[in-house]
Amino acid sequence: MSPLLVVENLRVAYPARAGGIIEAVRGVGFTLRRERLGIVCESGSGQSQTGRAVMGLTAPQARVTADRLAFAGIDLARAPPRQRRALRGGRIAMILQDPKYSLDPVMTIGRQIVETLRTHQPVSRAAARRRALDMLAAVQIDDPERVFGLYPHEVSGGMGQRAMIAMMLVAGPELLIADEPTSALDVTVQLEVLNMRERGMGLIFISHDLRLVSSFCDRVLVMYAGRVVEEIASGDLTHARHPYTRGLLECLPRIGDDRHPLPVLDRRPEWAA
Amino acid sequence: MTDALRVDRLGVAFDHFHALRDVSIRVARGESFGLVGESGSGKSTLLRAVVGLAPITSGSIAVDGEVRAGQRRSRAFFRKVQMVFQDPYGSLHPRQTVDRLLLEPLAVHGIDGAEARIRRALDEVGLGPSFRFRYPHQMSGGQRQRVAIARALILEPEILLLDEPTSALDASVQAEVLNLLEQVRRDRGLTFVMVSHDLGVVTHMCERLVTMRHGRVVEMLTAAALATGAVSNAYTQELLRASKGFVRAG
């Protein structure tokens, strides 16, 4: 089977205020099949910029270069904006960090889901509404009819996150990028939701929680300072070789172990080299 | 000995929504006490009710045996009880320098020797004097949370209420902040009441904890019991399972 997404030597650079450039992503490469790939890293390692570059959502002042950036045989780096717009939300979808800021505050949740669907597929209003309601039910919202008519500020953070997931899944994307989808708590519910709706899509799951990612994904990339420092099958996590990966695992408090103080990460400059 | 904090049959309601019903907890002096539950279970509301940020409809709160009713709290109360909030991005004034942020509580309480106290407070949370004149946006999340902790400690309180103090932080920074909190607790003999959704964090930091759901206390247990899995309540067991990460079906 041909890979769904191929990324080779991806670089994202921003012009710095004082002149010069800041490289947020420095030569990231991976291939994704219809599988779950985890990207683990801490804030500022370039994980979100990687996801955004695939989506085509990088800020205009940034320079994105890649030896190859291809989705299902389409060369994203050379695709015209119109084609990228058609892919975005349709065949590639992204769940953003915070539903508070990423849902439209003056539009009901139902209308936002219907809008996404009708932008990408020729369906009637009534059919779109039905599918939106089904989707809300599928992400375990108890009363889809009620939530359909609510505005984002009228629902809790967890509910907003689920509505966001429903909106991203309604058009049936082949690739889903989830950028820290669990920071709005209730981790298990959301994982169950993602798990259930997966239906053979490719998933890129970005999170700082190494244990969560490794239990959910097939493979894990560990990023540090804009580079991939280690790639590891999630079953092999205990055999992680890079000191950064090991440090990340070590510093988590575990139930039933008595380590006071907790080991902290000793960041070495050579990791970023 | 009187309890450091005693909450009796507390009820909190926002209009017709009951956020807390009939909640009772007792926290001994010098103890570290945890509150665990999913989002919306009322654990943060309980802390907010203690400091007068939530409308109490029934029951009572006593700090050091002294009963506090309603939402008004005296200045003397805040010398004893301080709170650290979840989001270090939201809990620091964006247009005040660290120096100004730390001066505020001293000015409110009419405490002199501000200069020396600010230096000491920053030193205690592991930030050098170079941080004094920075603004919040010039610091990382972990550094901001250290400032929030310094601001709470500068009044030399006896009880520190911690509302998810590390959930907005990266894993490695979380370890540093947890170590810092344990250190100051040891040095000052503080009492902690800590809210977290992460059972790993709570069992690491606390001796006893309660699990909460739908505004009620579900179960009270010791961290040691939780570690050995000696949990009787079905909901606590569910939380414990969830904390082990995602489990694949089949």
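All of the numbers you see were taken from the coordinates with simple rules; none came from a lab. Since the structure is predicted, the reported quantities are computational estimates derived from the model, not experimental observations. Because the Cβ atoms are built from the backbone with ideal geometry, glycine has one as well, and the counts that use them run over all protein chains shown.
Which order results if A:Ile113, B:Ile118 are arranged by neighbouring Cβ count within 10 Å, fewest first?
Least crowded to most crowded, the residues run B:Ile118, A:Ile113.
Within 10 Å of each Cβ of B:165-175, how many other protein chain Cβ atoms are there on average?
Per-residue shielding by partner chains comes out at 6.
Work out the FRET efficiency for A:Arg146 and B:Ser60 from their Cβ-Cβ distance, taking R0 = 25 Å, and round it to the nearest 0.05.
The calculated FRET efficiency here is 0.10.
Which angle between 0 and 90 degrees, to the nearest 10, do you get for helix A:125-138 versus the longest principal axis of chain A when only C-alpha atoms count?
40
Order these peptides, A:261-267, A:9-15, A:102-108, B:46-52, by their mean beta-carbon neighbour count within 10 angstrom, highest first.
Listed from highest to lowest mean packing, they are B:46-52, A:9-15, A:261-267, A:102-108.
Given 0.36 nm per residue, what is the gain on full extension from B:Ser167 to B:Glu207 after removing their alpha carbon distance, in nm?
That works out to 12.4 nm of additional length.
Using a 7 Å offset from the Cα along the Cα-to-Cβ direction at both A:Ala59 and A:Asp98, what is the distance between the two label points in nm, to one decimal?
1.5
For A:Leu175, what is the net charge nearby, where nearby means another residue's Cβ is under 10 Å from its Cβ and Lys, Arg count +1, Asp, Glu -1?
Overall, the nearby charge balance is +1.
For B:Arg216, put the label point 7 Å out on the Cα→Cβ axis and report which residues of segment B:42-86 keep their amide N under 19 Å from it.
B:42-46, B:57-60
Between beta-carbons, use under 11 Å as the cut-off and find the net charge around B:Val177, counting Lys and Arg +1, Asp and Glu -1.
Here the count lands on -1.
Report the calculated FRET efficiency for A:Asp218 and A:Arg78 (r = Cβ-Cβ distance, R0 = 30 Å), to the nearest 0.05.
Working from the Cβ atoms, E equals 0.50.
What's the average, rounded to a whole number, of partner chain beta-carbon atoms within 10 Å of each residue's beta-carbon in B:200-208?
Other-chain Cβ atoms within 10 Å of each residue's Cβ, averaged: 3.
Report, in degrees rounded to the nearest 10, the 0 to 90 angle that the Cα long axis of helix B:98-108 makes with the longest principal axis of chain B.
80
Could you tell me the relative contact order of chain A? Use alpha-carbon pairs under 8 Å, at least six residues apart, and round to a whole percent.
24
So what's the gap between the Cα centers of segment B:1-72 and segment B:206-244, to the nearest angstrom?
Cα centres, segment B:1-72 to segment B:206-244: 19 Å.
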